[in-house]
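> Dumping the structure here so I can ask a few things about it.
The values are calculated or read from the model by the stated rules, or taken from the named source; none is laboratory data. As the structure is a prediction and not an experimental result, all values here were calculated from the model. Note that each Cβ is placed from the backbone with ideal geometry, even for glycine, and that neighbours are counted across all protein chains shown. Calculation scope for accessible area: heavy atoms of the full protein, side chains included, ligands and nucleic acids excluded. Shrake-Rupley method; radii C 1.70, N 1.55, O 1.52, S 1.80 Å.
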Amino acid sequence: MAEHKRITLYAAVDSPFVHRVRLALEEAKATYDIIWIDLLNKPEWYQEKVNPTGKIPVLVYGGPKLHADEEPSPEAERLTESLVILEFLVDIFPEARLLPTDPVSRARARLFYETVETVTLQPFFRFIFLDAPAETVLSALETLQAMLPPSGFVVGDWSIADAAFVAILIRLEVYLKNGLGAYRPEVGKEALEAFESPRFARLRTYLEDNKARPSMAKAFEEDAVKTKMQQRVERFRKTGIVNGFFRLPLPSTE
Amino acid sequence: MVQTGQITFYTHTRSVYCHRVHIALEEANAAYTLHSVNLKERPAWYAKVNPAGKIPAITYGGPKAPPEDPAPEAIKINESLIILEFLADLFPEAKLLPSDPVLRAQARLFMNTVDQHLFEGFKRFLFNYTEGAEKALLDGFEALQMRLPPAGFAVGEWSIADAAAAPFLVRIELLLKHDLGTFPEGEGPKVLQVLQGPKFARVMKYLEDCKTRSSVKALVTLL
């Protein structure tokens, strides 16, 4: 295996975008350092020293070992955008085959993860926080389910297309099973029933296939995700803040 | 690698997204069949190429088939950036992306900046003008400029990042010059003048460099 430069990942346990990258790093059996950022209590140094937009993940490639509150070396490469980072990992770990080598399969993988971005993210977010109907998420899941082959992963073997999707999918399952989110309990129950119905049999098998991989065990701490989500929902109820970029006016008391 | 499959390219002369693909096809020296899609009256058969009805789209592989009746075995690819990545994979000797992983990531972040910042500014200033939209457009140019190396193209050598950016930049310049858009009359040339000032020198040089590329030159007349 070729020599790699140091990989440092700025991460948060509750971010699906970070999760995508960790899955790929684990599948590549990469050595990497994690610097944890608490998204509910983001330290100022992160925006000042690492990423002016404040977003995570950031993957730093090269440079010396980093600690919290340090600025990455100017010679090191700072990469943002989970999907760009996934493609970067494909390129630096060719032997891990994080994407197939043939152009057509690669295009299929990309069409899949682009579809994940364009059809699931907004509905997922709006359903969890903004009272959007569950059906908006469920029909997005149906679109993606229809793109899966009869068995296995998106393009047969596991690829970054699976990382991109399963990070969202597993969170939806965890949230629904634990009633986590700002939706009403009966809405959540109905959504969970739909998720567990025959309509999504193929999707659930796909999710189990992903969970069975060692990479998932290493990259997903379910209890920590639940705890953080609970805190986030509580904060939302008190302040209207969803995340650093989105805040709702508080509803008037009913 | 010798091109092993047919390419049919569904396009329209006025679509900047299609221009991206035109440029990449030319840079790759690909053999392809071009089919112009009537955007105002999309034919029913086009759903076989792209159920969402959008262009650009390409089909690749499968037996030879007329554009109106693509073979089921042919893969249908839409989304301009996915098509660009596909062409980079299909024609490795054309070096549509560099081989260095860091430069490839930078190329992708550049394309991301075009589609997020620059396009946002473009939309707001040219199509949905509201007060202060000039700033969104200029911010888009600045975001792109920050990603440019001191000289050359987006990642030094020409790449699909430039195929992605050039059609937008050329189109924006043209619309501003001719004062075409939903912004108040006279604002177009005013903003262009700001862009021609020292603050934006690097990105405007980049635009000029793009325009000298023969694959881009061929399209400029279409815009």
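> Using a 1.4 Å probe, how large is the accessible area of residue B:83, given in Å² and rounded to the nearest 10?
It works out to around 0 Å².
> Let me ask something else. Through the Karplus equation 6.51 cos²θ - 1.76 cosθ + 1.60, θ set to phi - 60°, convert the phi angles of segment A:172-187 into ³J(HN,Hα) values in whole Hz; use x for Gly and Pro.
Here the 3J(HN,Hα) series is 4, 4, 4, 5, 5, 5, 10, x, 8, x, 8, 6, 5, x, 5, 5 Hz.
> Please turn the phi angles of segment A:81-96 into ³J(HN,Hα) values with the Karplus equation 6.51 cos²θ - 1.76 cosθ + 1.60 (θ = phi - 60°), one per residue in order, whole Hz, x for glycine and proline.
Coupling constants for segment A:81-96: 6, 4, 5, 5, 5, 4, 5, 4, 5, 4, 6, 7, 10, x, 5, 7 Hz.
> A further question follows. Antiparallel versus total DSSP beta bridges in the protein assembly as shown: what percent is that, nearest 5?
Restricted to the protein assembly as shown, the bridges split so that about 70 percent are antiparallel.
> OK, next. Might you report the magnitude of the Cβ-based charge dipole of segment B:9-115 about its Cα centre, with Lys and Arg at +1 and Asp and Glu at -1, to the nearest 20 debye?
Around 300 debye, computed over segment B:9-115.
> Right, another one. So how exposed is residue A:229, as accessible area in Å² (1.4 Å probe, rounded to 10)?
Accessible area, nearest 10 Å²: 10 Å².
> Dipole of segment B:57-141, Cα-centred, from +1 at each Lys and Arg C-beta and -1 at each Asp and Glu C-beta, to the nearest 20 debye?
With only Lys, Arg, Asp and Glu charged at Cβ, the dipole is about 120 debye.
> May I pose another question? Note the angle between two axes, namely the Cα long axis of helix B:133-147 and the longest principal axis of the Cα atoms of chain B, as a number of degrees from 0 to 90, rounded to the nearest 10.
70 degrees
> Same structure again: Return the residues of segment B:97-115 for which accessible area with all protein chains present is lower than in the chain on its own by 20 Å² or more; set the probe to 1.4 Å and exclude ligands, DNA and RNA.
Listed in order, they are B:101, B:102, B:104, B:105, B:106, B:108, B:109, B:112.
> Along the positive direction of the dipole of chain B (beta-carbon charges: Lys, Arg +1; Asp, Glu -1; about the Cα centre), which of B:198, B:35, B:130 reaches farthest?
B:130
> May I pose another question? Find out how many positive minus negative residues lie around residue A:60, taking Lys and Arg as positive, Asp and Glu as negative, among other residues whose Cβ is under 12 Å from that of residue A:60.
0
> Measure off, as a whole percent, the carbon and sulfur share of the 1.4 Å-probe accessible area of the protein assembly as shown, all protein chains present.
Details: 11680 of 21870 Å².
Carbon with sulfur: 53 percent of the solvent-accessible area.
> Around residue A:45, with a cut-off of 9 angstrom between Cβ atoms, what is the net charge of the other residues, counting Lys and Arg +1 and Asp and Glu -1?
Once positives and negatives cancel, what remains is -4.
> Could you give me the ³J(HN,Hα) list for segment B:20-26, computed from phi with Karplus coefficients 6.51, -1.76, 1.60 and θ = phi - 60°, whole Hz, x at Gly and Pro?
Here the 3J(HN,Hα) series is 3, 6, 3, 4, 5, 4, 5 Hz.
> Something else about it: Tell me which aspartates and glutamates have Cα within less than 18 Å of residue A:42's Cα, excluding those fewer than 8 residues away on the same chain?
Correct list for residue A:42: A:14, A:69, A:70, A:71, A:234.
> Can you tell which of B:212, B:101, B:50 lies farthest toward the positive end of the dipole of chain B, using +1 and -1 charges on the Cβ of basic and acidic side chains (Lys, Arg; Asp, Glu)?
Selected residue: B:212.
> Something else about it: Could you tell me which residue out of A:134, A:219, A:25 lies farthest along the dipole of chain A toward its positive end? Charges go on the beta carbon: Lys and Arg +1, Asp and Glu -1, centred on the Cα centre.
A:134
> Would you grab the residues whose amide H sits under 5 Å from the one on residue A:35? Only those 5+ places off in sequence or on another chain, please, with H modelled 1.01 Å from N.
A:9, A:10, A:11
> While we're on this one: What accessible area per residue comes out for chain A, rounded to a whole number of Å², with a 1.4 Å probe?
On a per-residue basis, 46 Å².
> How much net charge surrounds residue B:183 when only other residues with a Cβ under 11 Å from its Cβ are counted (Lys, Arg +1; Asp, Glu -1)?
-3
> While we're looking at this one, here's another question. Would you mind working out the magnitude of the charge dipole of segment A:95-254 relative to its Cα centre, with +1 at each Lys and Arg C-beta and -1 at each Asp and Glu C-beta, to the nearest 20 Debye?
400 debye
> Looking at this model, which pairs from A:29/B:95; A:177/A:228; A:177/A:226 are more than 19 angstrom apart at the alpha-carbon? Don't jump to the answer; show the numbers that get you there.
Numbers: A:29/B:95 29 Å; A:177/A:228 15 Å; A:177/A:226 10 Å.
Checking Cα-Cα distances, A:29/B:95 exceed 19 Å.
> Rank these by accessible area, largest first, 1.4 Å probe: B:76, A:42, A:177.
A:177, A:42, B:76
> So how much accessible surface do A and B hide from each other in total, probe 1.4 Å, in square angstrom to the nearest 100?
1700 Å²
> Oh, and also: What is the angle, in °, between the Cα long axis of helix B:201-212 and the longest principal axis of the Cα atoms in chain B? Nearest 10 is fine, range 0 to 90.
With rounding to tens, the tilt is 40 degrees.
> Accessible area per residue, 1.4 Å probe, Å², for chain B: what's the number?
Accessible area per residue, chain B: 45 Å².
> In bins 5 Å wide, starting from 0, what share of all Cα pairs of chain B does each bin hold, as a percent?
1, 7, 15, 18, 18, 16, 12, 8, 4, 2, 0
> I'd like the accessible area for residue A:223: 1.4 Å probe, protein heavy atoms, all chains in place, Å² to the nearest 10.
110 Å²
> Could you list, in their original order, any pairs among A:189/A:211; A:5/A:211; B:123/B:205; A:55/A:218; A:49/B:211; A:218/B:123 whose Cα atoms are separated by more than 31 Å? Intermediate results must be reported in sequence, preceding the final value.
On the way: A:189/A:211 23 Å; A:5/A:211 29 Å; B:123/B:205 23 Å; A:55/A:218 23 Å; A:49/B:211 37 Å; A:218/B:123 42 Å.
As for pairs spanning more than 31 Å Cα to Cα, those are A:49/B:211; A:218/B:123.
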